[in-house]
1. Which condition does residue 186 not pass, out of (1) among the charged types (D, E, K, R); (2) part of a helix (DSSP H, G or I); (3) surrounded by fewer than 19 Cβ atoms within 10 Å (Cβ to Cβ), if it passes all the others?
2. Look through the range 119-178, keep the residues that are on the phi > 0 side of the Ramachandran plot and in a helix (DSSP H, G or I), and return whichever of them is surrounded by the fewest Cβ atoms within 10 Å (Cβ to Cβ).
3. Residue 146 fails exactly one of the following numbered conditions: (1) of a type in the set (Gly, Ala, Ser); (2) under 30 Å from residue 207 (Cβ atoms); (3) touching a Gly at 6+ places or on another chain (Cβ under 9 Å). What is the number of that condition?
4. Looking only at the range 10-28, decide whether some residue is modelled with pLDDT under 60 and either assigned by TED's automatic domain parsing to the domain that holds residue 154 or surrounded by 10 or more Cβ atoms within 10 Å (Cβ to Cβ) (or both).
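The values are calculated or read from the model by the stated rules, or taken from the named source; none is laboratory data. On a predicted model such as this, the values are computed, not experimentally measured, just so you know. For neighbour counting, all protein chains shown are included, and Cβ atoms are generated from backbone atoms with ideal geometry for every residue, glycine included.
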Amino acid sequence: MDKTIISEGRTTNEAIENGLKQLKVSKEKVEIKVLESEEKRSFFSILAPRVVKVEMKIKEEKNEKKEIKTKKIVELSTEEQEKAEENVKKFMEEIIKELPEDTTYHIHKNETGLNIEILNKNLGFLIGYRGETLYAFQNILSAIAGKGIDKKVRVILDIEGYKEKREKTLEELAQKVAKTVIKTRKSFKLEPMQAYERKIIHSALQKNDKVETESIGEEPNRRIVISLKKTK
């Protein structure tokens, strides 16, 4: 439900603060439009009380969990799966020559695309900080897999079991932060994460009856806030 108010103050900041208190939300959750600025004052109004007006509207929230559930899955035919596998194999046979010795890879076909696993303990540089390089490489492989195919080919890449380890770390982080939120009764904002990683946090705390999760911000700085559930 849209909620718009007009807030007043002696300065723009004061008007905004008054509006936030009235709406009971944080600044990043509202759209702000200055209606009357403290700069627009004539000579004859200089003795009049200074009033700044701002229009404040609560932003429409994105429900990330619903977006993920309703995303349409494209199914590939057997021929399309084989074509995607052939595209990736041709690329991997070339790229494997540039990787450390004894690096191997496996490709598993399915109706939505390919699962690719690259194995070698010396591939940290291909994973990158918090998996950033891995996800970039995954996008490249997805584009290569889809060459000559009209449908989108979904590629899931893992390197030396990184994603499984990262998933466990994130689940433990979610539980630890939830306990802190319950104890301090203060919301906790996590650092920006990939959509895949945010989904892990949401799922880990979905059944927790004391805390709730919410994604805020825009990519690539979208992050999760964990807070106490509001009592009705």
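1. (2)
2. The selected residue is 130.
3. (2)
4. Going through the range 10-28, the residues modelled with pLDDT under 60 turn out to be none.
Checked against the condition, which is being modelled with pLDDT under 60 and either assigned by TED's automatic domain parsing to the domain that holds residue 154 or surrounded by 10 or more Cβ atoms within 10 Å (Cβ to Cβ) (or both), the range 10-28 yields no hits at all.
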